[in-house]
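Below you'll find the structure, written out as C-alpha cells, and then a few comments.
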Amino acid sequence: FFQSPTPFWHVRGIMSTYKTTKRRIELIMRLLLPWLFATATTKFCFYEVASLSTDRTLEEVLLTDIFGDVILDETEDRCNPKNATGNFSFTFELNPPYFDDRFQSREETLFLAEISHNSSTDPSQSWRVRVGKGGNIYSYVSAIGEAMPPNSKDGQYMVDEVWQTVAVDSDMNRNAHGHYFMHQAGVYQKDAPYTDEPFFFSPSLAHWCDVERRECRFASWGQHAWTPTKYVSKAIYVNRYRDCGDGVMEFTSVVHNAENLLTSDRDDYEIETTTPRYNYLSFPWFGVRDTVYRDVLIKANGAWETRFPNPTFMPPLKYDLKDTDGFSVFAEMRQNRPEFGFPGPLAEVTTAAPTFVFQDLFSRGVPCIPIAYHTMAYHTYHIMCNLANKEDNFPQRCPGCEITFTNPATNATLEVVNVVHWASGGRMYLSPKVGVFPYPIHEANYNHVTAESIASHVNELFPDGSEVVVTWTEGKSDDENHCIAFVHGVDQEIQDYSSGNRGGIAADRYWEGYSKLEYGSVYNFNRQYMAYNEVQNIYMDPGTTFSKSQYVIAGQGISAVDKIAQTYVPAVMQDYNDIGELPLTPINLFLSKDGTKFGLRLDDDVKSCRGSKMCRGYSTPQPDSKHEFTIPHFIITCGERTYFGPNLYHFAMIEKETLIRRSYICDENDLTLRPTVKLIGFFVDGDCEGFEGATLDKEYCEGEGKARERNTELEKLLLEDIFGDAVLDDDSTKCNPDTASGMFSFTHNLNPPYVSDHHIDEEKQLFLAELTHADPNTDKSWRLRIGRGGNVYSYVTALGEVMPPNLKESHFMVNDVWQTVAMDSTSGDDKFTIHQSGIRKNDSPYTDISLFYSPSIAHYCDQDGRECRFASWGQHAHVPTHYESHMIY
C-alpha cells in the first residue's frame, strides 16, 4: 500500500491514526475524488491539503495546520462551542484592573489579549484569562479571584510562575555554553543592563481569535530563560484557548523544534553543539496561588489523594499520568485538618507547639505593635508581638501557613497567614489574615492608621498575658469549595501502544517514558506559589512537532467539578508529527520590482498576483529533496530596519569574543529597542533569496502586484481557428460531449500526489493543467497532466501511471512524454529537433538551475465542451544550438 519501508502506522495519510481517520477521509474525498480511483493500486501516500477558502488569513492558516490531529471536527469534539452556554468575548486592549498596579507599565509591555467566559447561571463557572506576548496565560481570574501567583520574585517577572510550555535539551543544558532551557514566556531579567525595562517577553509570531468559534490562538518564538547564553533558540510555541461552556476552557499546546541542523544551513552556529533534541518538556508548567487554592487533589482509582500540609516542590511529589484518573483539582481549603506540627511543613521533624504567651511590650499596655519593615518585605501588614519568655528562641518560619491562634481563656481566634519568626529575641513576627488586602502593600500605599488598627484588633483578642494555642485553620465543606480542575489525561495513546495496539500513535519514534505530574509548594509567602508541572518524557528532533489538548475547569463543589472533569478525560489527545505529516496550505510570496515589499497569496492562487520573483512555501514543515525539509521564515523588525528569512538572530547582539548571543538586543546603541518577529511560513532555505530586505504588504496583490486578467476570449478565438477542419461541429463528429457519460473536470492548480516526490520543484515549474474523466466504470476513467508546452506528461488510468518514470536527469519530462516533434531533415543536422515539451539540460551552466520548458502562449478550457486547448512555442531539444525555433505547437 505504501512505497516505503516504514510501518504503516508511521504514515500520516488516510490511514494515519485512529483518531482522525474520519476527518481525513472526508477531506480527501472532497478534494481528491476525481482522481482517487486512479492511484488505488499505485503509490497511495497523500498529503492532507487544508480546506481551500479565499477568505482565510495567513494567521488563521498558520494557527490551524500546525495543530494537526488535536483539532477535531465539532461533530467529534467533546468541546463544541455551538452548544456552549454563557458569553464569550476577547479583546486586544488592556484595561484596568491591572495584575499589580505597581507594575502597570510592565503589564502593558507583556499583554497581548484577554479572553473571558461569563456564566449567567453559575458565577463560579465564569473565568477571565490574560495572555502574554508568548501566547501563555499569565492571569486566570475565577469567582474567588486571581489564581496566578503574584510574580514578585526579582528577575522573573511573568516569565516563570505562569502557565507555559518549556522545552529542554538536557544533554546541552547547564554546560560551558550556558543553559538550554527555553521558556514560552520569555527571558529572566538577570542580564543587566540588557534585560532591564522594557522587559523582553517571547515575541508573538501570530495571533487569531474568532467569536463564533469561541477561541483564540497564539504562536510565539520561545526564549532561553537563563541569560546570557551562547545558544540559539528555535522553539516555536503555539496555543489554542477555547471556551467550551460550563466553566471549561480547552487548553491546547504545541511545540515545534524549528532547528535546521539536518540541512546545509549551519551559519548561525559558531559553537560546537550536538543536534538540538528536546527531551524534556513541561507541558505545561502550571501552578496556582496557594493563598487562594490551598489543597491539591489527585484522583487515582476513583479516590482522592491529597496531602496536608502540602509537600514542598524541592523535591516534588510525583505521579505517572497513567496511574491517575486523568485530572487534578485545586480547591480553596478543605476541612478535617491534622494536628499542627511545630514549627511547620518545612521542618524535617515536627513536635507539639510550645506554649506561647503574649506580654506587654515597652510598658504600652499591649503586646503587639505594627512592624513596617516586614510589611514592606512581604506586602501585607505584619505585626510584632512580645513574648513572656525572653529565652524562647525559635527562629524557624511558617511561610504562607494558614493557621489559627486561639486564646484558650476566651476562645477568641485569629487567623494567621505568615509567620516570619516564631520567636526571635523574645518576639514573634507574623501577618494576621486581616492584614491581607486585595493589592500589595508598599511604601506608596502604606497606611499607619490601618497598621495600628490591625495591631489593636490582635491586642483585643490577645491582651497582655494571653496564652496562644496554634492549630491549622479549618476549611470549608467540599461542596462549598471553589475549585479549578486541570484535565491532563492518562497517556492513553502511549498505553494503547504499550499494550500492543499499533494502530494508534507511533510512540516508538518519540517515547522515552510515561508522562509525569509533580507538585509542591515553594513555601514562600512573597511568591505564594503552588508549583505544578506535567513532564513529557519524549524526544523531538529538528522538524518535529508535538501537541496535546487539555482542559481547565472552574466551578464550585469538588464533586460537581469532579463529574465534569471525568467527561473530558477521554477527550484529551496528544499527537506527534514528523516532517510532512501535518496538513499543509501553500503560501506564495511575490516580490515587487523594486524589491522593497512582497505580497502574499494562499493555496494554489499563483495567477492573481505577479512580481519580479515568486517564493513558494507552506503553512507547516514539509520535506524537500534539496534541503531535507522546509524551515520557518520570519519578518523581523528592529526600529526602521527589516529582515525576511530564517535567521532569527539576524539583528541579535553577538559578542565576538565570548559568542554570547542576546536575542533581546537588536541595536547596541539603544538597549530599550526590542525586535518584533512575525511568522510567514515554512520555505526551502535559499528559495526566497532577494526577499531579505522586503516587508510584507497585504495590499500589494490588490494593487501594483495584481495580475492582469487573461483575455480568454482572444485565446479562445486563437485556439479555435488554428485547428481548421480538424475541429468539427458536435453533430458531425464521433466525439460529442453532449452525449458523453461520466464527469469531466479540469484545474490549473497542482495538488499532490506528484509524479515524483524527488522532483516536486521541477513539476511545479512544468505543470500547466490537469484534466480528469471520472467514469462510472472506473476502468474507463483517466487523469492527465499537461505541461507548459501543452503536451501530456502524465496519464493515469485505473492501473496507475502510464508514462515512463523520466529518471534521466537531463531529460526530465522533455523526452519520455507524449508530444509533437518537428525536424528539418534537409538541414543536414540530425540535431535540428524541435520538441513541444522543452529543452534538455545539457548546456551548463545556463540550464543548471532548472529545466526550460516550452513557454505556454495560450490556453483555454471549457467545462461544458469537456475540453482544453493549449498552444506553445516549441524549443530545440539539443542545446546549445545556432538555430532559432519558430515552431508553434
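The values are calculated or read from the model by the stated rules, or taken from the named source; none is laboratory data. Here the structure is a predicted model, which means the values were calculated and not measured. When we count neighbours, we look across all protein chains shown, and the Cβ atoms used for this are built from the backbone with ideal geometry, even at glycine. Accessible surface is based on the protein model in full, side chains and every heavy atom, while ligands, DNA and RNA are left aside. Shrake-Rupley method; radii C 1.70, N 1.55, O 1.52, S 1.80 Å.
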Heavy-atom accessible area ranking, 1.4 Å probe, most first, across Arg788, Arg289: Arg788, Arg289
Kirkwood Rh, Cα atoms: Rg over Rh of the stretch 789-862: 1.02
Set of the stretch 532-570 residues, backbone N closer than 16 Å to the point 7 Å along the Cα-Cβ line of Asp479: 556-563
Rounded to the nearest 20 debye, dipole of the stretch 560-651 from Cβ charges on Lys, Arg, Asp, Glu: 580
Most to least packed among 447-455, 396-404 [average Cβ atoms within 10 Å]: 396-404, 447-455
All lysines inside 20 Å of Lys716 as judged from Cα atoms, apart from same-chain residues fewer than 8 positions distant: Lys607
Whole-number percent relative contact order across the chain, with pairs defined as alpha carbons under 8 Å at least 6 apart: 12
Computed label-point distance, nm, for sites Thr350 and Phe746 using a 7 Å Cα→Cβ extension: 8.2
For the chain, size of Cβ-based charge dipole, Lys and Arg +1, Asp and Glu -1, in debye: 1000
Karplus-derived HN-Hα couplings along the stretch 783-799 (A = 6.51, B = -1.76, C = 1.60, θ = phi - 60°), whole Hz, x at Gly and Pro: 9, 10, 10, 10, x, 4, x, x, 8, 7, 10, 8, 9, 10, 10, 4, 8
Rg/Rg_globular for the stretch 496-651, with Rg_globular taken as 2.2 N^0.38 Å and Rg from C-alpha atoms: 1.52
Members of Lys299/Lys563; Lys133/Lys597; Lys808/Lys841; Lys678/Lys706; Lys234/Lys678 lying beyond 18 Å, as alpha-carbon distances in this model show: Lys133/Lys597; Lys678/Lys706
Centroid-to-centroid separation of the stretch 693-708 and the stretch 732-792 [C-alpha atoms, Å]: 32
Accessible solvent surface per residue of the chain, calculated while the other protein chains remain in place, 1.4 angstrom probe, Å²: 42
Trypsin sites (Lys or Arg not before Pro) restricted to the stretch 210-245 and DSSP loop, no more than 16 other C-beta within 10 Å: Arg213
Quotient of C-alpha Rg and 2.2 N^0.38 Å, computed over the stretch 134-273: 1.17
Relative contact order (%) - the stretch 190-254, alpha-carbon pairs under 8 angstrom, separation at least six: 25
Cα centroid separation - the stretch 618-651 against the stretch 406-442, whole Å: 57
Equivalent ellipsoid semi-axes, the stretch 589-675, via Cα gyration tensor eigenvalues times 5, rooted, Å: 30, 18, 10
Inter-site label distance for Glu809 and Glu704 at 7 Å from Cα along Cβ, in nm: 4.0
Value of Rg to Rh for the stretch 740-889 (Rh from inverse mean 1/r over Cα pairs, i.e. Kirkwood): 1.00
Taking N as its residue count, the alpha carbon Rg of the chain over 2.2 N^0.38 Å: 1.17
Positive minus negative residues near Glu107 (Lys, Arg vs Asp, Glu; Cβ under 9 Å): 0
Positive dipole terminus of the chain, leading residue within Cys216, Phe812, Cys244 (C-beta point charges): Cys244
The chain, helix-only ellipticity at 222 nm - DSSP H runs n ≥ 4, -39,500 (n - 2.57), divided by all residues, nearest 500: -3000 deg cm²/dmol
Karplus-derived HN-Hα couplings along the stretch 624-635 (A = 6.51, B = -1.76, C = 1.60, θ = phi - 60°), whole Hz, x at Gly and Pro: 9, 5, 8, 10, 6, 7, 6, 10, x, 10, 10, 9
10 °C / 1.306 mPa s Stokes-Einstein diffusion coefficient of the stretch 407-566, Kirkwood radius on C-alpha pairs, µm²/s: 75
Inverse mean reciprocal Cα-Cα distance (Kirkwood Rh) of the stretch 343-456, Å: 14.6
Accessible surface of the chain, 1.4 Å probe, proportion on carbon and sulfur as whole %: 50
Sequence-distant lysines (8 or more away, or on other chains) whose Cα lies within less than 27 Å of Lys390: Lys433
For the stretch 197-336, Kirkwood radius (reciprocal of mean inverse C-alpha pair distance, Å): 19.1
Cα centroid of the stretch 215-246 to Cα centroid of the stretch 165-213, whole Å: 8
Nearest-0.05 FRET efficiency for Cys735 and Met614, computed from C-beta distance (R0 41 Å): 0.65
√(5λ) per eigenvalue of the Cα gyration tensor, the stretch 121-196, largest first, Å: 31, 15, 9
Charge tally in the Cβ shell below 13 Å around Trp873, where Lys, Arg are +1 and Asp, Glu are -1, Trp873 excluded: 0
Förster radius 22 Å - calculated FRET efficiency between Ser105 and Asp196 (Cβ-Cβ, nearest 0.05): 0.95
Karplus-derived HN-Hα couplings along the stretch 601-616 (A = 6.51, B = -1.76, C = 1.60, θ = phi - 60°), whole Hz, x at Gly and Pro: 9, 9, 6, 9, 7, 10, 10, 8, 9, 9, x, 6, 7, 10, 10, 10
Inter-site label distance for Ile888 and Asn445 at 7 Å from Cα along Cβ, in nm: 8.2
